[in-house]
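Input: a single structure, listed below in structure tokens.
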Amino acid sequence: MESPAMTLGRWVRRSLWHNRRAHAGVVAGVAVAGAILIGALAVGASVRHSLAKLTEARLEGTHLVLAPAGRFFREDLAAELGAKARAAADSWLALPGPPAVALDLFAGTGPIALHLAAVADRVIGVESYAPAVLAARENLALNDIQNVDMIAADVNDALPAGIPERVDLVVVDPPRPGLSPAAIAWITRLTPDAILYVSCNPATLARDLQLLLQAPYRLEAVEPFDFFPHTFHLETLVLLRRQA
């Protein structure tokens, strides 16, 4: 019987083939959700370069310092996915109450953490790039957010100091290499009720799901975003829920 990860890989390969052959950016229905988010960004966000050479944006009323010059991670897209993660936390998770502790791993300058702050009692963001951590802390101050802590650490190395033994929700937004086995091990040891995985690489997503589904977590929802039409790049939001 085909595993959920294999099913996802087959679906992604088919989506990529349709994406290559798409006309005028219409991508077999995949781009619909992405187009809605991009439209919201175009209306609701203004981006400029400050004298300090930081890129700034405003999205859904949140003021964001995105990244120091020379280290731009397309965090405007991360901000959009942050809004989507917040919506998913509301609609997909269907929790009886707000998560007591939520983790934002590979947090960058904090766009996802800032949105999660609206639905969780406490949010902990983890990011290895020190200037991005400083920018994230500036974002917290700019938006007067008191329930988010930022930790400078490498998620793929080991469990960062300062993470509690139990968390309710984990959001991971790794770079293209995905999660290390060590990261998957310590994340699942925290026994979160749900994991939201934001992927920019379908191949490493399928690989990581093989381990996460053994943890044991089940694949509950998948939503793709075609932010880069006519290319092989595909963002995917996945919900995993812990099995009883």
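Residues to consider are Leu114, Leu134; find the one that is in a helix (DSSP H, G or I), surrounded by fewer than 23 Cβ atoms within 10 Å (Cβ to Cβ), at negative phi and modelled with pLDDT under 95. Working first, answer last.
On the way: Leu114 fails: surrounded by fewer than 23 Cβ atoms within 10 Å (Cβ to Cβ).
Of Leu114, Leu134, the one residue that is in a helix (DSSP H, G or I), surrounded by fewer than 23 Cβ atoms within 10 Å (Cβ to Cβ), at negative phi and modelled with pLDDT under 95 is Leu134.
Name the single residue that is modelled with the highest pLDDT among those in the stretch 95-111 being small (Gly, Ala, Ser) and either assigned to a helix (DSSP H, G or I) or farther than 13 Å from Asp168 by Cβ (or both). If you could, list the steps in order and put the result at the bottom.
Filtering the stretch 95-111 for residues small (Gly, Ala, Ser) gives 97, 100, 102, 107-108, 110.
When the remaining residues are screened for being either assigned to a helix (DSSP H, G or I) or farther than 13 Å from Asp168 by Cβ (or both), the result is 107-108, 110.
Details: Ala107: 94, Gly108: 90, Gly110: 89.
Here the residue is Ala107.
Output the residues belonging to the stretch 180-232 that are more than 16 Å from Asn156 (Cα to Cα), small (Gly, Ala, Ser) and part of a loop (DSSP other than H, G, I, E, B).
Ala215, the sole residue that qualifies.
The values are calculated or read from the model by the stated rules, or taken from the named source; none is laboratory data. Values in this document were obtained by computation on a predicted structure and should not be read as measured data. Neighbour counts run over all protein chains shown; Cβ positions are idealised from the backbone, glycine included.
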